[in-house]
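*Asks:* To start, I am sharing the structure in question, which I have written as structure tokens.
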Amino acid sequence: MRTLEHFPNLVAMFFARAREKGDAPFLWHKDGGQWVPLSWAAAARQVASLAAALRAKGLQPGERVMLVSENRPEWCISDLAIMAAGCVTVPTYTTNTERDHQHIIDNSGARAVIVSNAKLAKTLFPAVLRSSTVQIVIGIDAIRAGQAGSIDYYDWHTLVSEFPRDAAAAAAEADFAREDLACIIYTSGTGGSPRGVMQHHGAILHNCAGCVSIIAEDFGWDDEVFLSFLPLSHAYEHTGGQHLPIALGAQIYYAEGLDKLAANIEETRPTIMVVVPRLFEVLRTRIVRQIEKQGRFATFLLDQAVAIGTRAKDGRIALRDWPMDLFLRRTLKPKIARRFGGRMKAMVSGGAPLNPEVGTFFQALGLTFLQGYGQTEAAPVIACNRPSAGLKMDTVGPPLPNTEVRIAADGEILVRGELVMHGYWRQEAETARVLKDGWLHTGDVGDIDAKGRIRITDRKKDLIINDKGDNIAPQKVEGMLTLQPEIVQAMIAGDRKPYMVAVIVPDPEWTAQWCAQSATGCDFAKLAQDHDYRAAVGKAVERVNRDLVVAERVRRFILADAPFTIENEQLTPSLKIRRHILKQAYGERLDALYRG
């Protein structure tokens, strides 16, 4: 069995893999409709050259370099080059507003910024020009800088070509330690200003080693292929979609976007996918609808697969299910597997809690589905399901190797180990609040079962306590609501109230079908007042309520004015709902549900 070597830092790990892999393909992107590779050796030369350029332009060890780019090969190369120069990467979301950029620049004290294109620069530059620290801006694509002032502008590709550097020499200079700061990742958060999480090299390497052990021991470490889709500025993708593939010597394909994700999966045939729960919910809905369009028999087979999968949650098929399961293995399941490229070892869900029904659904269709758990403050993976520990969809599996987890008296999950951050950048009080005696206080509530698997019940701060003192986990109820074909998004509320209420976003495809069947125009502003339409959505809520205890049931609801999106700031970039923003937008109408 292969194991991961003990590397002193992330840069050393990359250069070691590049020496081993040589001219083998490493990073892939779409150009002119074709997938184009960049080899490990070529990437190593670019990393070495860009690191030399950054030093030549005066950047000193420990200085922060902000990185604003969509997922692409230059993102990975820039990140590694920043660290190879001894500097600290500050990744930021492409969806950030000018105000967000200003906060991160000012808080991090970034001295340089790498930005990918003119569109992103348009939001970034006003913040850069107001900054007292940024002196260098590097554009990956051509950018019109306008009046430069005191800021020096450079072309990314020109810098790489003008400062050629031998990869072996650059690797020899990368002598920093595992304890040294690698990056500051600003948590998007569901409330308040983003905080800069200080991740050191050892924290991310600890995560990589733990994840490699799962792959090697439970699936076999081979020529792995990843499809990078989540923002690389998110800790989950930064570690799981970039540094873990490097640790494995894997290939990374950069997806073209959500609208082309299904096609990209079939084209690139990944062996491992790292995705957030919301995307799995979307994929589940699409699969169900596509199969329903194929007729009653196809729908019957899907229902049988899910029913058998639900009964076989402990991993064993009942004797009476054998004939149908064998038939499904020869008919439905191979078709589903081909839609996911045909060689998928595992799909890993993280970033937010997953409804167990979604995991059971994919598992029932023959796809190995692993739910992970973590947070940015832990680099970010703390635990992950693995077949050898017994897959149980209402748990997130055992902790990674060399990771201590215990449950506090109030149910909070505490974590200790090299994966734990050094603290929040320039926020000593917040650091002291969550780091106590070496233990990270996660703010998550849960327990550990007899097999050592962690079960998450909810966030401490998100727990709703009704007027009778009952604790309600909103994410559970919201997850059940969004599994209904009529509902695409939901948020429930009811703190210190007699019952639960909700904001619901109806599913647009279901809405279009309802309008067609009822001969009603699809004007959503009018539909929101349509009694029959609201009643149809209400039936979905009633179905969910049947499976909830009395305190959890949604008694009344309103329809949202528009979907929750990143652009309207009602979703975080990792697709979690921002409760405080939604409560600001709908609070008065939700309160009115208790008066009407």
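The numbers here are math on the coordinates, done by the rules we state, and not lab data. Every value quoted in this text rests on a predicted model; they were computed, and no experiment measured them. Here the Cβ positions follow ideal geometry from the backbone for every residue, glycine too, while neighbour counts run over all protein chains shown.
*Asks:* Report the FRET efficiency, 1/(1 + (r/R0)^6), for residue 436 and residue 555, where r is their Cβ-Cβ distance and R0 is 51 Å, rounded to 0.05.
*Replies:* Efficiency at R0 = 51 Å is approximately 0.80.
*Asks:* Additional query: Hey, got the dipole for the stretch 72-190? About the Cα centre, +1 on K and R Cβ, -1 on D and E Cβ, debye to the nearest 20?
*Replies:* The calculated dipole for the stretch 72-190 is roughly 500 debye.
*Asks:* Still on this model: Report, for the stretch 1-117, the % of DSSP beta bridges that are antiparallel, rounded to 5.
*Replies:* 40
*Asks:* Given a Förster distance of 51 Å, report the FRET efficiency between residue 179 and residue 449 from their Cβ-Cβ distance, rounded to the nearest 0.05.
*Replies:* After rounding to 0.05, the efficiency reads 0.90.
*Asks:* Where both partners of a DSSP beta bridge lie in the stretch 464-592, what percent of those bridges are antiparallel, to the nearest 5?
*Replies:* 65
*Asks:* Can you compute the helix-only [θ] at 222 nm over the chain? Use -39500 (n - 2.57) per DSSP H run of at least 4 residues, normalise by all residues, nearest 500 deg cm²/dmol.
*Replies:* -11500 deg cm²/dmol
*Asks:* How do 62-69, 551-558, 482-489 rank on mean C-beta neighbours within 10 Å, highest first?
*Replies:* Result, highest mean first: 62-69, 482-489, 551-558.
*Asks:* If each of residue 518 and residue 543 carries a label point 7 Å out from its Cα toward its Cβ, how far apart are those two points in nm?
*Replies:* 1.6
*Asks:* With angles folded into 0 to 90 degrees, how steeply does helix 531-545 sit against the dominant principal axis of the chain? Use alpha carbons for both and round to 10.
*Replies:* 80
*Asks:* What is the distance, in nm, between label points placed 7 Å from the Cα along the Cα-to-Cβ direction at residue 463 and at residue 97?
*Replies:* Once both label points are built, they end up 3.2 nm from each other.
*Asks:* Which semi-axes, in whole Å and largest first, does the equivalent ellipsoid of the stretch 437-517 have when worked out from the alpha carbon gyration tensor as the square roots of 5 times its eigenvalues?
*Replies:* For the stretch 437-517, the semi-axes come out at 32, 18, 11 Å.
*Asks:* Can you tally the net charge around residue 568? Count Lys and Arg as +1, Asp and Glu as -1, for every other residue whose Cβ sits under 15 Å from the Cβ of residue 568.
*Replies:* Result for the local shell: +1.
*Asks:* For the chain, I need the span (max minus min coordinate) of the C-alpha atoms along each principal axis, in Å, sorted largest to smallest.
*Replies:* Here the spans come out as 67, 55, 54 Å, largest first.
*Asks:* Compute the distance from the alpha-carbon center of the stretch 271-319 to that of the stretch 471-488, in whole Å.
*Replies:* Cα centroid of the stretch 271-319 versus Cα centroid of the stretch 471-488: 18 Å apart.
*Asks:* Could you give the angle, 0 to 90 degrees to the nearest 10, between helix 73-84's Cα long axis and the longest principal axis of the Cα atoms of the chain?
*Replies:* That helix lies at roughly 50 degrees to the long axis.
*Asks:* Now for a different question. Number of Lys pairs in the stretch 464-592 with C-alpha atoms less than 27 angstrom apart, excluding same-chain neighbours closer than eight positions?
*Replies:* 15
*Asks:* May I ask you to derive the FRET efficiency for residue 324 and residue 589 from their Cβ-Cβ distance with R0 = 60 Å, giving the value to the nearest 0.05?
*Replies:* The computed FRET efficiency comes out at 0.80.
*Asks:* Further, regarding this structure: Mind scanning 345/392; 30/122; 260/313 and naming the pairs with a C-alpha gap bigger than 28 Å?
*Replies:* 260/313
*Asks:* In addition: Label residue 3 and residue 406 with points 7 Å out from Cα along Cα→Cβ: what is the distance between them in nm?
*Replies:* According to this spin-label approximation, the distance is 2.7 nm.
*Asks:* A further question follows. Is there a quick way to get the dipole size of the stretch 464-592? I mean about its Cα centre, with the Cβ of Lys and Arg at +1 and of Asp and Glu at -1; what is the value in debye to the nearest 20?
*Replies:* For this selection, approximately 440 debye.
*Asks:* Restrict the search to the stretch 103-207; then list the trypsin sites (Lys or Arg not before Pro) that DSSP places in a loop and that have at most 11 other Cβ atoms within 10 Å of their Cβ.
*Replies:* 144
*Asks:* Taking the Cα centre of the chain as the origin and placing charges on Cβ (Lys, Arg +1; Asp, Glu -1), which of 8, 491, 28 is farthest toward the positive end of the dipole?
*Replies:* Toward the positive end, the furthest listed residue is 491.
*Asks:* For residue 333, go through the aspartates and glutamates and keep the ones whose alpha-carbon is under 16 Å away, minus same-chain ones fewer than eight residues off.
*Replies:* Filter leaves 266, 292, 303, 321, 325.
*Asks:* Over all directions, what mean area does the Cα convex hull of the stretch 464-592 project, stated in square nanometres?
*Replies:* 7.8
*Asks:* Out of all DSSP beta bridges in the chain, what portion is antiparallel? Express it as a percent rounded to 5.
*Replies:* 50
*Asks:* Mind checking the full-extension length gain between residue 222 and residue 297? Use 0.36 nm per residue of separation minus the Cα-Cα distance, one decimal, nm.
*Replies:* 23.2 nm
*Asks:* Listed highest first by mean packing, meaning other Cβ atoms within 10 Å per residue, what order do 92-105, 237-250 come in?
*Replies:* 237-250, 92-105
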